[in-house]
1. Between a first residue in the range 31-55 that is closer than 18 Å to residue 6 by Cα and a second residue that is modelled with pLDDT of 85 or more, which pairs have beta carbons less than 6 Å apart while being 6 or more apart in sequence or on different chains?
2. Out of 14, 117, which single residue is under 30 Å from residue 132 (Cβ atoms) and without any contact (Cβ under 8 Å) to a residue 60 or more places away in the chain?
3. Only one residue in 73, 54 is exposed (fewer than 10 other Cβ atoms within 10 Å of the Cβ) and touching a Ser or Thr at 6+ places or on another chain (Cβ under 9 Å). Which one?
4. For the range 89-103, enumerate the residues that are surrounded by 10 or more Cβ atoms within 10 Å (Cβ to Cβ) and either among the basic types (Lys, Arg) or assigned to a helix (DSSP H, G or I) (or both).
Amino acid sequence: MITNHLTEDELQQYALDKSIVAPDLQGHLQHCEECTAKLAVYQLLITEINQQPVATFDFDLSAAVIAQLPAPVTKASTNKYPVAIFSLVAILLAGSLIYLYRDDLLALFTNTNMAEYLGIVIITSIAIIQGIDTYRNYQKKIKALDFS
């Protein structure tokens, strides 16, 4: 048997659910009038709380909250031309490199057939499209983070 009085937490746990309390605490409650009196107060309090009606609102709370929220601010897109500019720069850069190294490229492709040229064009096109798509996804994510 415990010689010290039970703590408030132990008394509240016992009042809520007697099955989770250790047997030595139950033995103490049988012999201690002070702890038994405190337990009776907690049991009465818990009983009264459980008998309270569930709180309900007589108005639409969600409508009241939404009415107080600020209106969303839409900003005009400031990035109208970056994809076009990026594409133009990429084409100019590629064209410049092809022009500068035309003799070497010509020597490299003298013994190639049309399928190899087609493969190069397809791979280059896919790379450009992937770059544009990555940039657009980046812009969407930045817009989603921009709360102001």
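1. Listed by first residue and then by second, the contacts come to nothing, as the list is empty.
2. None of the others qualify; the one that does is 117.
3. Criteria check complete, one pass: 73.
4. Result: 89, 90, 91, 92, 93, 94, 95, 96, 97, 98, 100, 102.
The values are calculated or read from the model by the stated rules, or taken from the named source; none is laboratory data. Values in this document were obtained by computation on a predicted structure and should not be read as measured data. Neighbour counts run over all protein chains shown; Cβ positions are idealised from the backbone, glycine included.
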